[in-house]
Ligand SMILES: Cc1ncc(COP(=O)(O)O)c(C=O)c1O
C-alpha cells in the first residue's frame with residue numbers, strides 16, 4: 001500500500017510527554033467537575049450544572065446593529081491589534097460606570113481589560129503567589145479561582161461562610177493566629193455579592209469589618225463581582241472597592257453575565273501599580289484582549305443599551321428564580337435538604353443531610369436526566385460532599401420545574417438510605433440539616 005501523507009517521516013518512537021512537562025504543569029489535572037459536566041451536555045438532560053446566562057436573552061439585534069456600524073465606520077481599527085491595557089474608550093466607559101453606579105473612584109488607568117475575569121484571576125496568581133504564599137478563600141469558593149491559583153501552589157486557608165457571607169469573626173481569629181506565627185497573608189479572595197456557588201451576599205457590617213481587618217493585618221482583597229448587577233429583590237450593598245480608602249482592593253468585573261460571555265470581556269479595577277504590573281504579565285500571555293469585541297462592548301455602553309438589557313435579564317432571571325424556589329418548596333424532601341434563597345445571581349446552594357454525598361448521587365441524577373454541580377468541587381479540601389450547586393438562569397421555565405421533579409426523588413432515595421444506615425448502626429439520626 002502506498003504511504004499516506006500522515007505516515008511520512010513518522011517513526012515508532014514517540015516521546016514520553018510526561019517526562020517533558022515542567023514541574024509547574026504537573027499540578028494541572030483534568031478536573032472531576034469538567035468530566036462530570038461533559039455528561040450534562042446530553043440533550044435529554046436538564047442541567048442545573050453550568051453557570052450559563054440564558055442565550056434566549058442575548059441582545060442579538062443591538063449587537064448586529066453595532067457590528068454593522070463599526071465595520072462601516074471603523075473597520076481598520078477594530079480589526080487591528082490593540083493595546084495590552086485595552087481600548088481606551090472602553091476603559092473610560094467602564095470607569096465612568098463604576099463611579100456613577102457603584103461609587104468606585106478611579107480613572108481609565110485603574111482599568112485593565114482582560115479575556116474574562118478568569119484571566120484577571122490567573123494574572124493575580126502569577127503576580128502575587130509563590131509556593132510559600134498564604135491566601136484566604138471562602139469555603140465554599142469559586143472553582144475557577146481555586147484552579148487559577150492552584151498552579152502557583154499557595155497555601156490556601158478556607159474560612160467558612162454562612163447566609164450572611166464570609167464569617168469575618170472566624171477570619172479575625174485566623175489572622176490573629178497567623179500573626180502569632182509571623183506569617184503574611186498575601187490576599188483574601190471573596191465573591192461578596194451573590195456568591196458563586198452559595199448565592200448569598202456578605203452583610204454590610206461584615207464588609208466594613210473586612211476592610212478594617214485588611215488595614216489592621218495589612219493584606220490585599222480580591223473582590224470578584226460578576227453577579228452584583230443581577231439583583232432581583234432587596235437593596236444594593238456597597239462593593240468592597242467603594243469602601244476602600246487605602247487602595248487595597250482589586251475589583252474584578254465582567255460582561256459575561258450582564259451582556260454576553262462570548263465576548264470574553266472583563267476588567268480588573270485596582271491600584272495603578274498593580275494594574276501596570278498585570279498589564280506587563282498579560283502582554284507576555286496574549287498581547288491584547290480582542291479589540292473587536294471590546295469596541296462592540298464600548299458602543300453598547302455608549303449607546304446606553306446596557307441598562308435596558310439589565311432590566312430585561314433581571315426580570316427574566318428573577319422570574320426563573322421564583323419558579324425554582326417554588327418548585328423546590330413543592331417537591332423537595334425537606335427532611336433531607338435545605339437551600340439558600342438568594343436575592344440575585346444565578347445559583348442556589350443546597351445542603352443535604354449529614355452523610356449524604358452529592359457525588360455518589362450524581363450517577364442516579366444523570367440516569368433521571370437531571371444534573372447539578374457536586375459540592376466538593378468548590379472547596380480547597382475535601383469538604384462539601386453533602387452540598388450541591390443549582391443554576392436557575394439557563395434552563396427554560398418548564399424545564400426548571402421538571403428538573404426539580406426529577407431530582408427530588410433521587411435526593412429522597414439517598415436521604416432515606418443514609419437515614420436507614422444510621423438507624424441500623426444506632427447512630428444519631430439527624431433530621432434536616
Ligand atoms: C465568581 C466568578 N468569577 C469569575 C468568573 C469568570 O468569568 P468570566 O466569564 O468573566 O471569565 C465566573 C464565571 O462563572 C465566576 O462565577
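At 7 Å along the Cα-to-beta-carbon direction for both residue 107 and residue 132, put a label point, then send me their distance in nm to one decimal.
Between residue 107 and residue 132, the simple spin-label model gives 3.9 nm.
By average Cβ neighbour count within 10 Å, what is the ranking of 187-194, 208-215 from highest down?
Highest mean packing first, the order is 187-194, 208-215.
For an R0 of 35 angstrom, estimate the FRET efficiency from the Cβ-Cβ distance between residue 42 and residue 81 and round to the nearest 0.05.
On the way: r = 40 Å, r/R0 = 1.14.
Given R0 = 35 Å and the Cβ-Cβ separation, E is 0.30.
Given labels modelled 7 Å from the Cα in the Cβ direction, how far is it in nm from residue 74 to residue 176?
Taking the two extended label points, one gets 5.5 nm.
Using only Cα atoms, figure out Rg for the stretch 49-110 and give it as a multiple of 2.2 N^0.38 Å.
Rounded to two decimals, the normalised Rg is 1.46.
Given the peptides 286-293, 60-67, arrange them by the average over their residues of other C-beta atoms within 10 Å, most packed first.
Values: 286-293: 18.8, 60-67: 14.6.
By packing density, highest mean first, the sequence is 286-293, 60-67.
Over the Cα atoms of the stretch 191-338, what Rg and Dmax result, in angstrom?
18.4, 54
Round to the nearest 0.05 the FRET efficiency obtained for residue 183 and residue 208 when R0 = 30 Å and r is the Cβ-Cβ distance. Don't skip to the end; give the middle numbers.
On the way: r = 25 Å, r/R0 = 0.83.
Efficiency at R0 = 30 Å is approximately 0.75.
Based on the mean of other beta carbon atoms within 10 Å per residue, what is the order of 72-81, 50-59, most packed first?
Answer by packing, highest mean first, reads 50-59, 72-81.
Using only the alpha carbons of the stretch 127-246, determine the length spanned along each of the three principal axes and report them from longest to shortest in whole angstroms.
43, 29, 25
Please work out the ratio of the alpha-carbon Rg of the stretch 55-203 to 2.2 N^0.38 Å and round it to two decimals.
Rg over 2.2 N^0.38 Å, computed on Cα atoms: 1.34.
Count the DSSP beta bridges whose two residues both fall in the chain, then state the antiparallel fraction as a percent rounded to the nearest 5.
On the way: 22 of 42 bridges.
If we restrict to bridges inside the chain, about 50 percent are antiparallel.
Hey, for a label at residue 54 modelled as a point 7 Å past Cα toward Cβ, could you say which residues of the stretch 310-345 have their backbone N under 12 Å away?
Of the residues in the stretch 310-345, 312-324 have backbone N under 12 Å from the label point off residue 54.
I'm a student and want to see the number: the projected area of the Cα convex hull of the stretch 280-323, averaged over all directions, in nm². Don't skip to the end; give the middle numbers.
On the way: hull surface 19.7 nm².
Average projection, Cα convex hull of the stretch 280-323: 4.9 nm².
Over the C-alpha atoms of the chain, what are the Rg and the largest Cα-to-Cα span, Dmax, in Å?
Cα radius of gyration and Dmax of the chain are 23.3, 77 Å respectively.
Please report the projected area of the stretch 126-179's Cα convex hull averaged over all directions, in nm².
Mean projected area of the Cα convex hull: 4.0 nm².
What length, rounded to one decimal in nm, is gained on full extension from residue 312 through to residue 382, with 0.36 nm per residue of separation minus their alpha-carbon distance?
Fully extending the segment from residue 312 to residue 382 adds 21.3 nm.
For the stretch 262-419, what is the Kirkwood hydrodynamic radius in Å, using each pair of distinct C-alpha atoms? Don't skip to the end; give the middle numbers.
Details: mean 1/r = 0.0537 Å⁻¹.
By the Kirkwood definition, the hydrodynamic radius is 18.6 Å.
Any idea how far the Cα center of the stretch 109-177 sits from the one of the stretch 194-269, in Å?
Going from one Cα centre to the other spans 13 Å.
Who wins for biggest fluctuation among 240, 185, 252 in a Gaussian network model of the chain, springs between alpha carbons below 10 Å?
185
State log₁₀ I(q)/I(0) for the stretch 38-142 at q = 0.12, 0.14, 0.21, 0.23 Å⁻¹ as given by the Debye formula over alpha-carbon point scatterers of equal weight, solvent excluded.
Log-scaled intensity ratios, in q order: -0.77, -1.00, -1.25, -1.27.
Grab the beta carbon distance between residue 215 and residue 283, set R0 = 25 Å, and tell me the FRET efficiency rounded to 0.05.
Approximately 0.15, to the nearest 0.05.
For residue 246 paired with residue 421, estimate the spin-label separation in nm (one decimal), with each label point 7 Å from Cα along the Cα-to-Cβ line.
Distance between label points: 4.7 nm.
Computed from the coordinates by the stated procedures, all read-outs in this text should not be read as laboratory data. All values derive from a computational prediction rather than experimental measurement. All Cβ positions, even for glycine, are placed from backbone atoms using ideal geometry, and neighbour counts span all protein chains on display.
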